[in-house]
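K.L.:
Provided herewith is a single structure, encoded as structure tokens, for subsequent inquiry.
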Amino acid sequence: MHTERVNIMSKHYEVPSTFAKKAYINEALYQKWYQQSIDEPETFWGERAKEFISWHTPFEAVKSGSFEKADMRWFIGGKLNASFNCLDRHLKDNGKKVAIIWEGDDPNETRKITYKELHELVSRFANGLKNYGIQKGDRVCIYLPMIPEVAIAMLACARIGAIHSVVFGGFSSDSLKTRILDSDCKMVITADEGIRAGKKIALKENTDAALKGCPNVKKVIVVKRTGNPIHWEKNRDIWYHEVIEGGDPQCEPEMIDSDDPLFILYTSGSTGRPKGVLHTTGGYLVYVAMTHKYIFDYHEEDIYWCTADVGWITGHSYIIYGPLANAATTVMFEGVPHYPSFSRYWEIVDKHKVNIFYTAPTAIRALRREGDLFVSKTSRKSLKLLGTVGEPINPEVWEWYYQVVGEGRCPIVDTWWQTETGGILISPLPGATALKPGSATLPFFGIEPEIVDETGKPIKTNTSGKLVIKKPWPGFMKTIYGDHQRFIDTYFKEVKGVYLTGDGAHRDEEGDYWISGRNDDVIKVSGHRLGTEEIESSLLEHPAVSEAAVVAIPHEIKGEAIYAYVSTKAEIEPSENLKQELKRQVRNSIGPIATPEEIQWTEALPKTRSGKIMRRLLRKVARNEIEDLGDVSTLSNPFVIEELIRERKKNQDIP
Ligand code: WT7
């Protein structure tokens, strides 16, 4: 990676005065709390933990461990239950308050569930899980669409101390299988089908296929979403509604240690298979509740909507655990931004009077392309705050979001974080931080970012380098499930004593952070995180393929797209048909989000004399940056360069 001086003319938007008055945190308070959080982290977090969370047994110490040893723990000795914190404790004052507003794919389908109702459903389902043999510490896989039952299933697991592993409904049966096997799940909770943009997604069929290779899954609970006929294993499958009907509505929450696992969530890295990021209970809940309140400036009467899928960390932290811990009303949307029309998001905002709206840059880019009319024909008067997450947002897109969607009245919180971090680490606080389009601005309380060079040394202002975090915070993952050594090797080996994020960034003279995206072999396609190696492995599974290498290319809507180089086996003739087959191969083995945008044939991959693929060169060629290919003197097969460039020209429809 290069370290270079970056010069971005940055534009400021001061905090709107009307907003500043009502917000919890102003600039002076931010400074004061931030300083305290760094100088006296134990006092700071100890107080917040008591303020945001109800503890069954108080903790004896705030934290222990360090990044050096990769053994951080939070709120030691404390006992609590996440479902109690998201439900039971709200019943007295907020029992009748709506916890979840569900908006179906079809605009005529809406459901509102109060805290009291949610508490009863979760309790019934939790008892059902127990009846089917699920105990504290067991892993339960949840493979559901965006329906309230996904929240019920997660909270029911949490209630009895079982560890949920939610798998995104867009993943294929193979991806589901590897995730079930990796954490040895005992049960799968799924639906007959999902619905998105009017199209059905065969979740039960995928589950049946996955389970052919998973002998330890004894029970499958199936939510009836569409009612279409499905295959049924008599001794294994159970209808969700029967579990609910048969479950006792009284279920005492299991009080578990602060450091006990709450969930596993798989995410992609540079190398190898997706890893099971394990989050524990106490630190995570404190952190997501607190960030949800202050970063979104959430007030009691607000209607809050995060458009993410619950299969990703954003859904876990900011649709379910953060908002529900704060007794918020959280909107859950089953569909997509373009169905039935490109106005759908804004129609939902008007329908449910949404005040806080949190989405991904890729969605904003796609909607912006369709023109302002789809936005301007809606009211959006209820909106007061906008947020983005998942990838860098280009300043022009930020401006459109700010001016057209928010009509210049809503601050935008550009929130930077990761599956591993549990919650948001760098973001404006709406009443405290001047906004800069394209910058995630400042660290949250307790977060100490640093930009370092190749050798791990901090570098100068306005110079790009690797983003690391110097000190632990509650909310950070505990380990990679079943592979603690991989946890150490991935995050703490390259730069000692700090957490290596995998992102590139620079800090400007005002201390604001600008995150440029991944500087490892992770690709962000429409904000979805994919590893190059898993896509390459999938291509290699095809009998025609002898070698494959995958790189990211910029994409107008998706942010990044996948560009694959493939060499076929000697006897195989490359063809357009084969290209389509390979794309299908990746679709089927990982999921539609991993489909390569383009495949380029090559006789051979460029390799160094030590046999390593020169990805830097492949990236340059894919991006059409062929004027300056950099140092290629270490190539063992320099003759491939010419062929790579020649073949690249054939893919002219890719800019
Ligand atoms: C990666 C983490 C954490 C929620 C969803 C993604 C990129 C995330 C931003 C942002 C620039 C961002 C980073 C990060 N990213 N938010 N505001 N600006 N980049 O979680 O799937 O674990 O991906 O998303 O590259 O490393 P994830």
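The values are calculated or read from the model by the stated rules, or taken from the named source; none is laboratory data. None of the values given here were measured: they were computed from a predicted structure. Counting neighbours? That spans all protein chains shown, and the Cβs are built from the backbone with ideal geometry, glycine included. When the accessible area is computed, the model is the full protein with side chains, heavy atoms only, and any ligands, DNA or RNA have been set aside. Shrake-Rupley method; radii C 1.70, N 1.55, O 1.52, S 1.80 Å.
K.L.:
In segment 272-327, which residue that is of a type in the set (S, T, N, Q) and over 17 Å from residue 420 (Cα atoms) is nearest to the chain's Cα centre (by Cα)?
P.N.:
307
K.L.:
While we're looking at this one, here's another question. Please identify the pairs in which a residue from segment 390-416 that is outside the structural domain of residue 26 (by TED's automatic domain parsing) has its Cβ atom under 6 Å from the Cβ atom of a residue that is surrounded by fewer than 18 Cβ atoms within 10 Å (Cβ to Cβ) and assigned to a loop (DSSP other than H, G, I, E, B), counting only partners at least 6 apart or on another chain.
P.N.:
Hits for this filter: zero, empty list.
K.L.:
While we're on this one: For segment 294-386, give me every one of the helices (runs of 4 or more DSSP H) that falls completely inside it and has 1 or more residues that are closer than 17 Å to residue 400 by Cβ.
P.N.:
Per the criteria, 344-352, 361-369, 373-376.
K.L.:
If you don't mind, another one. What is the residue count in segment 463-486 for residues that are touching a Ser or Thr at 6+ places or on another chain (Cβ under 8 Å), open to solvent by less than 30 Å² (accessible area, probe 1.4 Å) and more than 15 Å from the ligand (Cβ to nearest atom)?
P.N.:
So the answer is 2.
K.L.:
Taking the criterion of being within 20 Å of the chain's Cα centre (by Cα), touching a residue at least 12 places away in the same chain (Cβ under 8 Å) and in a loop (DSSP other than H, G, I, E, B), would at least one residue in segment 189-205 satisfy it?
P.N.:
no
K.L.:
Please find, among 168, 125, the residue that is aromatic (Phe, Trp, Tyr), at pLDDT 95 or above and in a helix (DSSP H, G or I).
P.N.:
Selected residue: 125, the only one of 168, 125 that is aromatic (Phe, Trp, Tyr), at pLDDT 95 or above and in a helix (DSSP H, G or I).
K.L.:
Can you go through 436, 460 and tell me which one is assigned by TED's automatic domain parsing to the domain that holds residue 284 and open to solvent by 20 Å² or more (accessible area, probe 1.4 Å)?
P.N.:
460
K.L.:
Then there is this: Scanning for something in contact with a helix residue (DSSP H, G or I) (Cβ under 6 Å, 6 or more places away or on another chain), farther than 14 Å from residue 506 by Cα, part of a loop (DSSP other than H, G, I, E, B) and of a type in the set (Gly, Ala, Ser), does segment 456-463 turn up at least one residue?
P.N.:
no
K.L.:
Checking residue 219 against (1) farther than 30 Å from residue 475 by Cβ; (2) free of Cβ contacts under 8 Å to residues at least 40 places away in the same chain, which single condition isn't satisfied?
P.N.:
Against the list (1) farther than 30 Å from residue 475 by Cβ; (2) free of Cβ contacts under 8 Å to residues at least 40 places away in the same chain, residue 219 comes up short only on (2).
K.L.:
Can you say whether residue 646 is out of contact with any helix residue (DSSP H, G or I) (no Cβ under 7 Å at 6 or more places or on another chain), among the basic types (Lys, Arg), open to solvent by 30 Å² or more (accessible area, probe 1.4 Å) and modelled with pLDDT under 95, as far as the supplied structure shows?
P.N.:
So residue 646 passes the test.
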